[in-house]
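The values are calculated or read from the model by the stated rules, or taken from the named source; none is laboratory data. These numbers come from a predicted model, not from an experiment. As a convention, Cβ positions derive from the backbone with ideal geometry for all residues, glycine included, and neighbour counts pool all protein chains shown. To get the accessible areas, we keep the full protein, side chains included, count just its heavy atoms, and leave off ligands, DNA and RNA. Shrake-Rupley method; radii C 1.70, N 1.55, O 1.52, S 1.80 Å.
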Amino acid sequence: MKPKRVIITGANSGIGKAAALKFAEEGHVVIMACRNIKKSLPVQQEISKKTNNSSVLLKKLDVSTFNSIEQFCDEIKQEFDHIDILINNAAYFNHGSDYKLSDDDIEITFATNVVGPFLLTHLLKNLLSRSDDPRVLNAGSNIIKHFLNPKKEIDFSNLRGENVNDPAHSVYINYRNSKMALLMLTFKMADFFKPEGIKVNSIQINGATMSEESLQKIKPGWRIIARFQNLFFRPPEYTADLYYRLCTSIEYRNHTGIQFNHRAELMRPAVTEGGLLTDIKQALGSDVYPSYADRKDITEIVWNRCREMTREYITLDS
Ligand SMILES: NC(=O)c1ccc[n+]([C@@H]2O[C@H](COP(=O)([O-])OP(=O)(O)OC[C@H]3O[C@@H](n4cnc5c(N)ncnc54)[C@H](OP(=O)(O)O)[C@@H]3O)[C@@H](O)[C@H]2O)c1
C-alpha cells in the first residue's frame, strides 16, 4: 500500500496512541495532533523509535479551541499538499467534573466532541479532497444506546453557559449527547462531502481499557466504576486495529455515512415498534443504533449550531 498521511487527534494516549503506533508500524505518515506537546513528545519519540518510522510527527492541536484548530490547519496546509485520513479520536469525558466552558464559550464536552471535529474536518476539506481515497473516521460510543429510550433527547439549552450552576449538570449526560450529535454530524457530513469524494464514517466503541493517566482525569467515584469496567474491556489496540482497517482497507473504500460496530460491521437503525423482546435484543446487541440518529430535524439543529458557532472560521453554502 502507498503510504497514507493520517491525522489522529488525541494520539498521545489510549486508542489514539495505539492507532498512531499501528499506522506507524505499517509505514504511513502519522500526524499526532495533541494539545500538550510536553506530555506527547516522549510518546511520539517512543512510537517513532519502536517502528523505525521517522515520519511520525507531532503537532499542537487543542480540538476544543477554534484558534488552535485554525493554526493547526494552517500549519498542515503549509507542509502538505493533501491528507488521506482524518481520525477524530480526541474526546472530553471527565465524568464527575463541573460545568466548564471552552475558550470560545462553548460547553467543553460539546466543544471538544462535536464542534471541534466539525471545524477541523471543514478546514481540512481541500487537503482531504486532493487524496485519491480520503476518509474521515469519528470515534463514537455505545453510550448512545440511551437514545433507544424514546424519551431521551439532546439538550441544547445549556451549551453557551446559560446555566453554569445547573444542579442537573452531568458530564456523563453531556458526553452521551455529544456522541449522538457526532453521529448525526457523521451522517450529515457524509452527504455534504460527497461531491469532494470524502468519505465520513463513525465507529461505535463499546469500551477500551483506560490508562492510569486517563483514570486520573475523572472523579474518584467514577474512577472506581471505570477500574471495574477495565476488567471487561478490550485493550486500546483492538479498536486501533479497527480504525486502521476502516481507514485503509479496500473493503471500506466506498462506504460513507456508516456507523460501524466493534466488529467493523455496518449498523442499521433500530426498530421502534418491535416489542419488548426486540427492544432487549437491540439494547444488548451491537447491530443497531438508535433511530433518533436519523432524525433530520435534530440533525439540522446540530449542524446549524455548529455553523453558527464557527461562522468566523468557515462559510458553508448549505
Ligand atoms: N475508553 C472507552 O471505554 C471508550 C468507549 C467509547 C468511546 N471511546 C472513545 O474513544 C476515543 C478515545 O478514547 P480513549 O479511551 O483512548 O481515551 P483517552 O486515553 O483518555 O484519550 C483521549 C485523548 O483525547 C485527548 N484530548 C482530550 N481533549 C482534547 C482536546 N481538547 N484537544 C486535543 N486532544 C484532546 C486526550 O489528551 P490529553 O492526554 O492531553 O488529555 C487524550 O489523548 C474517544 O473519542 C472516546 O470518547 C472510548
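Some observations on this one:
- Most to least accessible of LYS22, LYS2, LYS39, LYS100 (protein chains only, probe 1.4 Å): LYS2, LYS100, LYS39, LYS22
- Heavy-atom accessible area ranking, 1.4 Å probe, most first, across THR65, THR256: THR256, THR65
- Options PHE80, TYR238, ALA11, ranked by Cα towards positive dipole end of the chain, top entry (Cβ charges): TYR238
- Accessible area per residue (1.4 Å probe, heavy atoms of protein chains only) ranks ARG305, ARG245, ARG176 as ARG245, ARG305, ARG176, with the largest value leading.
- For the pair GLU79 and ARG311, a Förster radius of 30 Å applied to the C-beta separation gives a FRET efficiency near 0.65, rounded to the nearest 0.05.
- Area accessible to solvent at TYR99, 1.4 Å probe radius, in Å²: 30 Å²
- Taking a straight Cα-Cα cut-off under 17 Å and skipping sequence neighbours fewer than 8 places away in the same chain, the aspartates and glutamates within cross-link reach of LYS22 are GLU46, ASP84, GLU237, ASP241.
- Taking region 124-236 and dividing mean pair separation by its residue count, relative contact order in percent (alpha carbons under 8 Å, at least six apart): 35 percent
- Whether region 24-99 is rounded, prolate or oblate, judged on the alpha carbon gyration tensor where a/c under 1.5 counts as rounded: oblate
- Gyration tensor verdict on region 1-148 (Cα atoms; rounded if a/c is under 1.5, prolate if a/b is larger than b/c, oblate otherwise): prolate
- Accessible area in square angstrom per residue, the chain, 1.4 angstrom probe: 47 Å²
- Residue-averaged 222 nm ellipticity for the chain, from DSSP H runs of 4+ at -39500 (n - 2.57), nearest 500: -12500 deg cm²/dmol
- LYS17 exposes around 60 Å² of accessible area when a 1.4 Å probe is run over every protein chain in place.
- Compactness of the chain - radius of gyration and Dmax, Cα, Å: 18.5, 56
- Links that overshoot a 24 Å alpha carbon limit, given the list LYS50/LYS217; LYS60/LYS219; LYS151/LYS281; LYS50/LYS219; LYS151/LYS217: LYS50/LYS217; LYS60/LYS219; LYS50/LYS219; LYS151/LYS217
- Area accessible to solvent at ASP103, 1.4 Å probe radius, in Å²: 120 Å²
- Eligible lysines near LYS125 by straight Cα distance, threshold 16 Å, same-chain separation 8 or greater: LYS77, LYS188, LYS194, LYS199
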